Structures are given as C-alpha cells and as structure tokens.
1. Mind checking the mean number of beta-carbon atoms from other chains within 10 Å of the Cβ atoms in C:125-134?
2. Which percent of the Cα-Cα distances in region A:95-304 go past 32 Å?
3. For B:Phe36, list long-range residues whose amide hydrogen, built 1.01 Å from N in the peptide plane, is under 5 Å from its own amide hydrogen.
4. Net charge around D:Ile262, counting only other residues with Cβ within less than 14 Å of its Cβ (Lys, Arg = +1; Asp, Glu = -1)?
5. In nm to one decimal, list the spacings between the A:Val31 label point and its equivalents in the other copies, with label points set 7 Å along Cα to Cβ, shortest first.
6. Give me the angle, in degrees from 0 to 90, between the Cα long axis of helix A:256-266 and the longest principal axis of the Cα atoms of chain A, rounded to the nearest 10.
7. On a 0 to 90° scale, report how tilted helix A:234-248 is relative to the longest principal axis of chain A, with both axes built from alpha carbons and the result rounded to the nearest 10.
8. If ligands, DNA and RNA are left out, what is the accessible area of A:Arg128 with a 1.4 Å probe, given in Å² to the nearest 10?
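The values are calculated or read from the model by the stated rules, or taken from the named source; none is laboratory data. This one's a predicted model, so the numbers in the text were calculated from it and none came from an experiment. Quick reminder, even Gly has a Cβ in these numbers, built from the backbone with ideal geometry, and neighbours come from all protein chains shown. The accessibility values were calculated without ligands, DNA or RNA, using every heavy atom of the protein model including side chains. Shrake-Rupley method; radii C 1.70, N 1.55, O 1.52, S 1.80 Å.
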4 protein chains.
Amino acid sequence: MRICGVTTDLAIEAHDTLRAQTGQEIPGVTVDRRDFSHGQVTTVKIMDDQGAQAMGKPPGTYITIDAPALRVTDPEAHVAVVRELSEALKSFIQVGEKAGILVVGLGNWNATPDALGPRVANQTFVTRHVYHFASEHTPEGTRVLSALAPGVLGITGIETAEIIKGVVEHVQPELVICIDALAAGSVQRIASSIQLCDRGINPGSGIGGQRQGLTEETLGVKVISIGVPTVVHAALIARDAIVKLYEAYGRTPPQPAEMESIIQQLLEPFGGQLMVTPKEIDDLINNCSRIIAGSVSAAVHPGIDPNHYADYLQ
Amino acid sequence: MRICGVTTDLAIEAHDTLRAQTGQEIPGVTVDRRDFSHGQVTTVKIMDDQGAQAMGKPPGTYITIDAPALRVTDPEAHVAVVRELSEALKSFIQVGEKAGILVVGLGNWNATPDALGPRVANQTFVTRHVYHFASEHTPEGTRVLSALAPGVLGITGIETAEIIKGVVEHVQPELVICIDALAAGSVQRIASSIQLCDRGINPGSGIGGQRQGLTEETLGVKVISIGVPTVVHAALIARDAIVKLYEAYGRTPPQPAEMESIIQQLLEPFGGQLMVTPKEIDDLINNCSRIIAGSVSAAVHPGIDPNHYADYLQ
Amino acid sequence: MRICGVTTDLAIEAHDTLRAQTGQEIPGVTVDRRDFSHGQVTTVKIMDDQGAQAMGKPPGTYITIDAPALRVTDPEAHVAVVRELSEALKSFIQVGEKAGILVVGLGNWNATPDALGPRVANQTFVTRHVYHFASEHTPEGTRVLSALAPGVLGITGIETAEIIKGVVEHVQPELVICIDALAAGSVQRIASSIQLCDRGINPGSGIGGQRQGLTEETLGVKVISIGVPTVVHAALIARDAIVKLYEAYGRTPPQPAEMESIIQQLLEPFGGQLMVTPKEIDDLINNCSRIIAGSVSAAVHPGIDPNHYADYLQ
Amino acid sequence: MRICGVTTDLAIEAHDTLRAQTGQEIPGVTVDRRDFSHGQVTTVKIMDDQGAQAMGKPPGTYITIDAPALRVTDPEAHVAVVRELSEALKSFIQVGEKAGILVVGLGNWNATPDALGPRVANQTFVTRHVYHFASEHTPEGTRVLSALAPGVLGITGIETAEIIKGVVEHVQPELVICIDALAAGSVQRIASSIQLCDRGINPGSGIGGQRQGLTEETLGVKVISIGVPTVVHAALIARDAIVKLYEAYGRTPPQPAEMESIIQQLLEPFGGQLMVTPKEIDDLINNCSRIIAGSVSAAVHPGIDPNHYADYLQ
C-alpha cells in the first residue's frame, strides 16, 4: 500500500505486510528465516513476474540481517553481523580471483541520514591502485577493489547513474557493489536491518530516489546492493498513526485515498520529501558504515578475517 | 498542548496555537507584526508570569523573522533577512564598544539537522585573538568577538552548559549569543523562520534538549539566543495527521491522552526521539547558517555592511 | 633546473627563472604584465615548440594573477581578484550559450594543502540538474554547469583521469574547467598567485602529480585549468638554502647533481614526497577556494555579478 | 641548537643530538632503550634542573615508541604498538577507579597535519555521560572518561589553555590526557614515533605552539601528554641541507647565526611558520589517531582488550 507514492525499500517488509493483508503465501515468493547468535537472517526470493508484481520489486534474492545490537556499542554483536554479512555477500560474488570489483557509495555525504554509502566507500579497504601502480607491494590475500562516492544530483548537477556508467566503462570491473541508505516502512527497522540483494538498485529506491536503476541491464556487469534503512517517510508515520488509532477504537481505518489527501496537505511544504529519523542518527550511521565496509572488505579480500574487520577500516 | 512531552520551541507558534484555542488575547503577552520586503517580523513579548505560564516560556522578547525564501537560493532575499536580523540583534546588544562578546554554537556537527550552531560558530568573523595577540593588526570597525562550538553530551561526555560556564568564567565576555537548531510545531516553519530571544536558552529547548539552561542566571552574563527550526518531532506529525483527518470528517479529535498512547507506541523504538526533517536538510542548514553568521558579524562589528555580509563569512 | 625531479607548476616562475639564467628573452615565448588595483596580471604565451621545450610546458596561454591580499581577510581586494579572474576566464570560454560546462575539482579533500579543487567544486553554483529535471525553475542568467570532485588514486583506487573521461563521455560538456592545487618554486607564491591556462593539465602537474594529462587530446573537449600554489617541494627549499648561502659568501653554488644527492638523502623516508606549506594553510585554502568558485560562477553565469560573488557560494 | 627559534618537540631527538654533539652522557638525564616486536621503546628521564637545562625540556619521564610500521597498513604491527602504548600509559595513570579522566585533543581540525588531537578526541571511547545520566547502562569494565577538542586560537579567538582551564574546573577530572601533533627535528620521525610524557605540555610545544602550558601547575591536576611528530619546521630542513653539503665536502658548516639569517630570508613570507609534511599526511594522521585513541581507551577502560582496540573506535 503506497501513501503519497512512498513505500518500503525492504523486501522483507513488503512481504510481511502483504502476507498479513492477504492471509496467505505469496505466489512466486519464497521466504526462509534462520536465527544467528545476535539476530535473524531472512532470505526472500522473488522467483518470477507474478511474485515481482505482488511485491513491487524485481525478481531476485533479498537477504535481510536483523540485529537490534547494530544500534548500540556491542563489539561482539557487530563482529557476529560482519561474519553473517560477509558470508552472505561471498555467496553472491561469483567472479574470478583476478576480477576487479567496484564499490559505489550512493547518497549525500552532507546529509547524515543519507551519508551511509559515501562513508562505506571511504572506509572500504581499496587495493586497485596498488595492483596497477605498485604491484610489487600488492598486499597478500587481497583482490582488486576500488571505491567511489559519486555524490548526488543536487551537489554535482549530474545524474548519479551517468557518473557510474562512465566509470564502469573505463575501470571495467566485473562486479559492482552499491551501498545506499534506504527508507523503511516502520521505525522499528531503522539502523537495525541490513538488506543485501543480487539485482542491484532499482529506480526510485534509496533515500535519494535514484531516477535510473543501477542493474546489470544499465551497467553491463552484475550489481549487488547493500542497504540499511535510516529513515521512514513521514507520510507513513502519519498513516500509521491514523490506522493505529482506528484499530484502538476497533474501527476500520479510512480508505488510502482519503488518508492520502490529508497527509499530502500536512507535509506539503517540502513536496512530501520529509523523513523521520532518530536524533542519534550520527551514531547509527557510524555503526552501520563500519560494519558494511568491514563486511565488504572481508568478503572481497580472502586475507581479511571477519573477526578482525575493524583493523582494516580506513 | 504537549504530545509525548514535546511541543514547539517557537514563541510565535505557541502564541498562535493558544490564541486559536482560546479565541482571545493572552493576558501578559503582546504581539506586534510587520512586513518587510521578503517576509514578516513578529515580536512576541511575554510581560509577566501569567503570560509565561500560559505560553510555557519565560518572560522576554521573542522576535521571529519569517521568510520562505530562506529555503531557496535567492541572494536578494537573503540580504534582506540579514538586514532585518542584524538590526533586531543590534537592538538587543547593550554592551560597551570594548566589551567582549562570545558566540556559542550549540548542537551536534555530525548530525546535519542539529549542525546549525556549530556551523554558525565556524563562519562568524572572530577577532578576539587579534585584539589579544596582534593588536597592531586589529581590523577597523570591529569589536572583540570569539566563538565556540562545545559539542554535545554524546560526543564529549560533558554537559554543554558546564563547558560554557567554564569558558565564560575565563574569557569573561559581557554578552553571550547562543545559536541552536530548534524544533517547530509544524513543518511549515522548518528553515523558514529565525527566532531571536533576549533571555537565552531554557532547559529542554533545542533539538538536543539542553538539560541545563543557558541564561543570565546560569552564566552570569546576558544571553541572547538565535534559533532556526530544522525539525518537527515525529509525534507532532502523527498527532496532526489524526487531528486533520477528524476535521476532514467534521468530528472532534480524540483526547490528547488517547492520541498520546497510540503515538508513543508507534515511535517507541527510539524513546520517541524521532525527528521529521526535509531530505534537502543540508542545503537548508547551509542557507541558514550563512545568514545567521552574517547577521551576527554585521550586528557586532560596525564596519561590516549587512549588504556585504557574505564577504565576511569564514 | 629540476631538483629531485621537481620544479614549478607556474609558467611565470619558469619564465622568470629562465630569463634570469640566460639573461635574454626566451624565443617562442611572449610575456605581458599589467597592474590592477590589488596586484598584477601576467600573461605568458608559449607560442611554439621551441618555447615549449625551453619552458618545460606545452604551448598555450598562461595567465597569472598575483595578489598578496589573497592571504588575508580583505573583501575589497578579493572582489577585485574575482573581477580579474572571471574576466580572464570569460576570454577563454568560447562555447555557445546552451553548452554544458563541467567543473572538475582535482585533489584530496582529506589533505588540506591538496583540498583546493574539491572545495571549489563544492562551492560552485551548479545548475545542470535544474535544466534537466526542473526546467521550469531554471534560474535566469545561468548556463548549464555541473561539478565533480573525483578524489585521488589513494582514496578510490582509480586513476582520476579515467573517472573524468567516463563522466565526460556521458555528460558531454563542451568545456571542462579543472581546478588543482599547485606546487610553486618559491614560498613567496604560496596562496598569492592564481594561474589560468587554456591547455588543461599536463602529466605530472599539481600536488597529486596526475599520471595522465587532462587536455583536449585526452578528454575530447577543450580543457581550461585554474590552479593556486599551496606548497613548495621540500627539495627546492633545501636547494635554495644552499644556493643562498653560497651567494652570501660570494661563491658559485655546487652543481645541481651534487646538491641533488645530498637532498635526496635528506628527504629519503617519504620518497621525496615532502611538501612545505604554511601553518595557516586552512585559512589560505578557504580564501582561494571562495575566490575561484566565485570567479567560475561569475564567468559562466552572466546573471552573477562578480562584485556579489560571495552571495552565490554554496 | 635552535634555528629561527625552532627545535624538536621530541626528548629523544634532543637527547641524541646533544649526546652526539658533546660526545658524552648528559648529566641529570637517563636513557633506557628496549626492543619490541615491531620497534623500539626509549625512556628518557630528565631527573633534575641540570638535565632540564641541557635538554631544553622540563624534568619528567618521556617515553618514545618508534615503529616505522605506523606509516603503513599493518594491523599486526598496529596492535603491537597499541599494546606498548597502553601499557606505558597505564604506568602513568595513578588515579582511583572512580576518578574522572579528561582527554583533550589539541590542534586544528581544519589543517590535516595539525588534526591529530581532535581526531583522537573524537575516536576515544567516552563514557562520562552514561555514568552521569544513564548509570543503569554503564558499560562494564569502563571508567569515567570524557573528551574535548577545544579548537585553536585562529578559529575560536580564545587561548586554548583558557578553555581547558574552565572545563577542568567544572568537570573536575583527576587526570588530563592531552594529545597533540608535534614538530620533529628530522623527517625520519614523522608519523613513526609516539611520545608519551608525564609532565603535560609546555609553552611553545606542538605545531600550534601553545602560548600557555598545560601542566599540573596551570590546570591543578596531573597532565599526561601524547604526541606524534607530523611536521618538521622548514627551517630545519634548510639547515640540514646546508650541514649535509658541508659534511659531504668534509668542511665545517657555517655558524648557526649565519645560517639563521639566510634561512629567515628564505622563509620570510610566512613569518617562518612553514612546515614540511608528507603528501600522504591524511593516511598518516588516520593511522596514528586510531592507534592513540585505541591505546587511551584500552589504558583507561580495563574492559577493553588492546588486541581488539579497533572495535571500540568511535
């Protein structure tokens, strides 16, 4: 259910909402859940077009790691998440040992809730320049990794996808890993879930709302995406408040269209582009960017032990 | 009306809400509105304890400059706001020509919506060191100005007020000007209002929610505060959505207590510390911090022409 | 005269040194000097291959604006420099009104002496996104401008030139303006000269020492470069100390080769990559980046008056 | 030997130079050297006034850890340095378990070579606010730690020592740990030595050249200082070039006074405040700030294992 054109970027949320609404399994979609020491790993597979249409997301595998300890200083839990995330990521990386891999950190480094991608790009253990210009110093146990934070349209004046296409054509990686801040459907998920997807980033995803997708179709190489919800659209908070109130009274909530018009009016001054985010967003982005950069480094470079991921953060 | 313990930091909003609810003038409070080329200047005076109690704010003069053009690139409008703000500020600065003035930029430089204060502190035209250590180079037309961004509790582990008290005792300014990001009651005000107050900052104000106030009582010198709303508490958005829906149906909204419990449940994961902020918050903070830093510099230093404020930004 | 492979990035210095050494005009090179209110403008034209070989720089026009007031807070002088620089830049911009122009800010935003380019890219008044996505809001008096700070090899693992080539192919500007921090031959020039060149950036220029040039040959569109010296190679300081001492004693300085070996030994631990830079480099970069961004904006956008450049800084 | 009023901030260098010049032990000074897995630890004790006068530094214990691997990505070596540094630091921390400790990060965050202190303050694991405001969540194995980066005179207009005095009076720690970027006597030491001292920071030390010392005398509580050389004064490079050249010719170098006048003339435009620093200073500061912040956290908080220091960096 879209309110003011917004919904969740998380496949797991889309699934759970749909499952609850329809009361039955969703054709063309499989879900597998398992626990780990500090949370849960859920794999949603959208198998076909029927599943894709129902879910509002393209076919692909969406792995979500839920770990509330992402929000607090808990090194043991963070290491456990890095182990899970780097393993899941490795299962998606099917390129040769010598293949170049490019990390793309999407988002706006000047706006904290949207700064996840650039932070990860900055902290990842990059090696490509050593291979190209000082190959006698190539660190053992590494692969050819580069990283870029292209900025956002409002800063550069250029569509992010165009920058990335141009760089991919010249750098010619065999795999692109995109990192982006996401919008969740509920504040429960903010900074406590990490979603991994083997189909890249689709138009309209992310806080920034990419106009063009970043996928194998647009870039010509396989694209893996990693995202963390850091905001919820304010429209969804407004809707949920109304729905919960009606539920409290045991009444049927108003039709979406009615709510839509009220909410649009309420959030009008910024064209609806209002985000709900926690006050301590800087700490949350800090935790998540460390964990994702560490997981990417550990998944790409066989010589980096996930248990010591923090030693390799830049 | 407080929801989940939150309300507005703006006297003008508190006044207008109360005026609308009661349908009559508020005893002990006077309001004066006038237009200028690009907006409106409203002066709310809380004259006595009766007014203070009704408004939920201490007695004092609260000047609000409303100018929607603060949100966009409009140099002409920005210069007009600097003229208004620096004039209003000058009317509050009643210290001798040789008196030291200290700017304090409150808030968290790592979280964009809360970064207004540190940005202003950083851009203000500081001169105190020239007077103290290179007095032969003292720029003409200036007064003795210093600036500090003390950080927030979560970064330093120290209550901000303690840092400021210590610095004030050693630097001995005759006036402190505090800058802080505020929380508004409505998204309409975000980054389009500037509030100036001659009574400092009171406990619980600002995004960061100072535990201790910064006032003449706590610091021993007069304190002027300047703030811009950069967020609205998510609880208020939820409440307003409910209220507006009921209004649309021509029904009386539920009691605050009922709404409170629904909303608390909805925003629970972050202890209610969820903020609504526009996606382009970085541009908004940029505009506002330039204008406030420029206005402070022009109000303090007689040699700086408000029309050329931008030339003196650091 | 190269010491440890380093020399000056400034044509004016190369010329003046050569002129002093040979005691005569340099064939294939013309020089024109004129004063303005706050400094001097020197135009060095390298006319042919003979001049190029003598100067160690490719044929082209090199305009240098010298203004010691760049180092201090002097708004009047800064406006005068913006007028000169934007005029000189306009004389180089020979593209149609609708043509797209791309600003490229070279250098490392994490190392202050090398951060000039990224700062300028960040402060320039970019409009391309408005033309492409909100053409009804296109600001009057502007042209289509975009800006990019591609980072440096050590951060991205990617050769800067490859990123720029890729972006140019996709964005298809008709003109590229590159900004870079330069190395001077003498500390006198640090942060007091701005060099403008109509032939782009050549391999080995800039603090970062681009491996590949950024020229019409490599990018396929005209390239203008703007640079400010922010460092002097430590090797040159060591050489000058020796030379000056010998001069003081009225003796002939040792042969370059002898000095070279001494100096190499002295600076060995960092492979000679040691830079001399003033302690207040942050203030200097701040002044220069404001002035260059303002000049670029004023030269590109007819609606921006150079006298009000500061109002348009982002 | 001072050149243009500058010398080294490192006791070990002062000692070694003096020892070489005089050819004998320095009365009132003891030196102890031992190796560890990745470098050397040297303890210089200045025992009395005679030693202090000879060395140009106040009596106290100066421990220097030399480890060239500080300059490169070598997690194993970095962990070894953290073990050494945190042990040495522990031997200096003689306050009770409940005592408050304040970290002060000196220097200018806007100038990379001077940004060490602020970086360390930012990355240290601060807990004081949890003890004061959420004592039910106090992390086990921690002590009461706070951290402050007061900025520099040019930014705030306030003498750093005044800010710190004020904060110390209000926060009342029993120990202050100051972190500062230092000036070495030779480029060999840049970013490869860490100096720890139990007598605080003395006037004129550090890149910023504190006008007032930060010592038990000025602050009223014990002060430990930690520093890393990140620059060499350009005057020393010039002097060394001359000296080495004379040595190469087997001649006696000129008198200091003669060299002084030459060098002063050479570096005049910036009042001699010219620093030599490596091009990759950002990486060096990054390595060193991580290691010092980790060592401070591990030395202060018994629950942090030095081998896992990186997990606790903020």
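1. Details: counts 2, 6, 2, 5, 8, 4, 1, 5, 4, 0.
For peptide C:125-134, the averaged partner shielding equals 4.
2. Details: 5566 of 21945 pairs.
So the pairs more than 32 Å apart make up 25 percent of the total in region A:95-304.
3. Answer set, sorted by chain and number: B:Val41.
4. Values: positive: C:Arg239, C:Lys244, C:Arg251, D:Arg239; negative: C:Asp240, C:Glu247, D:Asp240, D:Glu258, D:Glu260, D:Glu268.
So the environment of D:Ile262 carries a net charge of -2.
5. 5.0, 7.1, 7.8
6. 70 degrees
7. 40 degrees
8. 20 Å²
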